[in-house]
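Notes to accompany the following structure.
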Amino acid sequence: MTETPTDNVRQFTVSEDDDGIRLDRWFKRNLPQIGFATVSRWARTGQIRVDGKRAKPEDRLEQGQVLRVPPGGEDTPAARKAAPRLRSLSPEQIAEAKGMVIRQTASAIVLNKPPGLATQGGSKTTKHIDGLLDAFVEGNAPRPRLVHRLDKDTSGVLLIARTPGAAASYSKRFASRSARKVYWALVVGVPKLSEGVIDAPLAKQPGTGGEKMHIDEENGAAAKTRYRVVERAGQRAAWVELEPLTGRTHQLRVHMAAIGHPIVGDGKYGGPDSFLTGAVSRKMHLHARRLIISEPKVGEGTGGKLDVTAELPPHFAMSMEVLGFDPGLSDASPMGDEAPERTGEEKKQAARRHFKQARKEARAPRRARGDASAKPKAKGKPKAKPGLKPGGKPKPKPKGAGRKPTR
């Protein structure tokens, strides 16, 4: 948004970030002190102009258009709802916020959220990611915004949008499931199938105040999770990759508990059985390892794909070591997508896993061999009919052939 003062009348040039937005939404985003009633009255009386023409609140704006806004409007009741003030953060809080950054682009700030830190505030939650975002406000830049969330005890990739326009763009990608997320988890026991899709609808569990989910085949919302066992520690535990194909609350945790393999440390859904003895941490072992999402075009940039990987928190890394799991066995690529280029050693490991799985499948009864031996042999080329050349043309009959002999 670029403002050009003209006496008391204000003129704004619609920025790329506001391209395609409704006129009333533009006011809410850029001039929140002016209420909707005032915007409607100005539009009805022709005081708001877009490129010199009258405009309605529902009209869509385009980048580069000039918006004429009359003076005043701030003295309405809506003006008392002043734009949210920035929080006063301590140097320690600013350092904590910036210490979580793993990638910054023109449209996003990507954090590696530690376990135990909530994404948003609540009735009993005063410290959270949303409250630390003021650390990234510089000058007159807008306050960054959350576009998705992670559970308090889940660690890993968390994307923050720099501007309202970027937030809208990223939110659409998450809602349309075009964003690909891969989680790492340690689970109790080993799933019978090395990979598969858990399809079980979820709903809020009655009597829990909405804080706990459960599987509800009749009234639940559709929920699907794809999983793959990467490595196992005997029958004690397994390391799995999880890809949520839908985005329900606590989806991964409920689904893994539902198949009898709760996430290690998830007492809420796994109960006492979710904790392993020995040196394995009692914290929850669920980590948003990788995020792949398309970036909106910002300025002279062309967008492209944002592909970010977050390192494991200390307790998760220690448990991996205790259980003998090798982090190099997974590149955390979204299952079903083309994996990035791997090193020679990683390719060898992938090949070993492939042949190991193939040997398991080969133990099944091989009925196909017996069936193949009973199949009739394929017939050769049909013989040419008498009187036909190999090319298919009839042979010329000798003269007098077919005539009755004369007496």
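The values are calculated or read from the model by the stated rules, or taken from the named source; none is laboratory data. Keep in mind the model is a prediction, meaning the values are calculated, not measured. Neighbour counts are summed over all protein chains in view; Cβ atoms, including those assigned to glycine, are modelled from backbone coordinates with ideal geometry. Protein only, heavy atoms only, side chains kept; ligands, DNA and RNA dropped before computing areas. Shrake-Rupley method; radii C 1.70, N 1.55, O 1.52, S 1.80 Å.
What residue, among those in region 151-165 that are assigned to a strand (DSSP E or B) and in contact with a helix residue (DSSP H, G or I) (Cβ under 9 Å, 6 or more places away or on another chain), is surrounded by the most Cβ atoms within 10 Å (Cβ to Cβ)?
If we take residues in region 151-165 being assigned to a strand (DSSP E or B) and in contact with a helix residue (DSSP H, G or I) (Cβ under 9 Å, 6 or more places away or on another chain), then Ser155 is surrounded by the most Cβ atoms within 10 Å (Cβ to Cβ).
Could you pull out the residue among Ala238, Ala257, Ala185 that is part of a strand (DSSP E or B), over 25 Å from Val308 (Cβ atoms), within 24 Å of the chain's Cα centre (by Cα) and modelled with pLDDT of 95 or more?
Exactly one of Ala238, Ala257, Ala185 is part of a strand (DSSP E or B), over 25 Å from Val308 (Cβ atoms), within 24 Å of the chain's Cα centre (by Cα) and modelled with pLDDT of 95 or more, namely Ala238.
When residues of region 261-282 are filtered for being surrounded by fewer than 21 Cβ atoms within 10 Å (Cβ to Cβ), assigned to a helix (DSSP H, G or I) and small (Gly, Ala, Ser), how many remain?
2
Just name the residue that is farthest from His250 (Cα to Cα) out of those in region 103-134 that are of a type in the set (A, V, I, L, M, F, W, C) and either assigned to a loop (DSSP other than H, G, I, E, B) or open to solvent by 20 Å² or more (accessible area, probe 1.4 Å) (or both).
Of all residues in region 103-134, those of a type in the set (A, V, I, L, M, F, W, C) come to 106, 108-111, 117-118, 129, 132-133.
Restricting the remaining residues to those that are either assigned to a loop (DSSP other than H, G, I, E, B) or open to solvent by 20 Å² or more (accessible area, probe 1.4 Å) (or both) gives 106, 117, 129.
Values: Ala106: 31, Leu117: 16, Ile129: 19 Å.
Residue satisfying both the conditions and the ranking: Ala106.
Within region 25-42, take every residue that is in contact (Cβ under 8 Å) with a residue 24 or more places away in the chain and open to solvent by 30 Å² or more (accessible area, probe 1.4 Å) and give me the one that is farthest from Ala167 (Cα to Cα).
Going through the qualifying residues, I end up with Ala37.
May I ask you to verify whether Val157 is in contact with a Phe, Trp or Tyr (Cβ under 8 Å, 6 or more places away or on another chain) and either of a type in the set (Ser, Thr, Tyr) or touching a residue at least 12 places away in the same chain (Cβ under 8 Å) (or both)?
No; evaluated as a whole, the condition is false for this residue.
Determine which member of the set Ala317, Ala288 is at pLDDT 95 or above and open to solvent by less than 10 Å² (accessible area, probe 1.4 Å).
Within the list Ala317, Ala288, the selection yields Ala288.
Going by what's in this entry, would Asp307 be described as open to solvent by 40 Å² or more (accessible area, probe 1.4 Å) and in contact (Cβ under 8 Å) with a residue 40 or more places away in the chain?
Judged against the criteria, Asp307 is not a match.
Output the residues belonging to region 46-60 that are open to solvent by 80 Å² or more (accessible area, probe 1.4 Å) and either free of Cβ contacts under 8 Å to residues at least 40 places away in the same chain or farther than 18 Å from Gly20 by Cα (or both).
Across region 46-60, the qualifying residues are Asp51, Lys53, Arg54, Lys56, Glu58.
Would you pick out the residues in region 241-254 that are over 16 Å from Leu329 (Cβ atoms) and either open to solvent by 60 Å² or more (accessible area, probe 1.4 Å) or part of a strand (DSSP E or B) (or both)?
Glu243, Pro244, Arg248, Thr249
If you go through region 196-235, how many residues are open to solvent by 60 Å² or more (accessible area, probe 1.4 Å), among the β-branched types (Val, Ile, Thr) and over 21 Å from the mean Cα position of the chain (by Cα)?
1
Residues in region 263-278: is at least one more than 19 Å from the chain's Cα centre (by Cα) and of a type in the set (Asp, Glu)?
Yes, region 263-278 contains at least one residue that is more than 19 Å from the chain's Cα centre (by Cα) and of a type in the set (Asp, Glu).
Hey, does region 166-182 have a residue that's under 25 Å from the mean Cα position of the chain (by Cα), loosely packed, with under 13 Cβ neighbours inside 10 Å, part of a helix (DSSP H, G or I) and at pLDDT below 95?
Yes: region 166-182 contains one or more residues that are under 25 Å from the mean Cα position of the chain (by Cα), loosely packed, with under 13 Cβ neighbours inside 10 Å, part of a helix (DSSP H, G or I) and at pLDDT below 95.
Considering only region 125-141, I want to know if a residue exists there that is in contact with a helix residue (DSSP H, G or I) (Cβ under 6 Å, 6 or more places away or on another chain) and within 18 Å of Arg290 (Cα to Cα).
no
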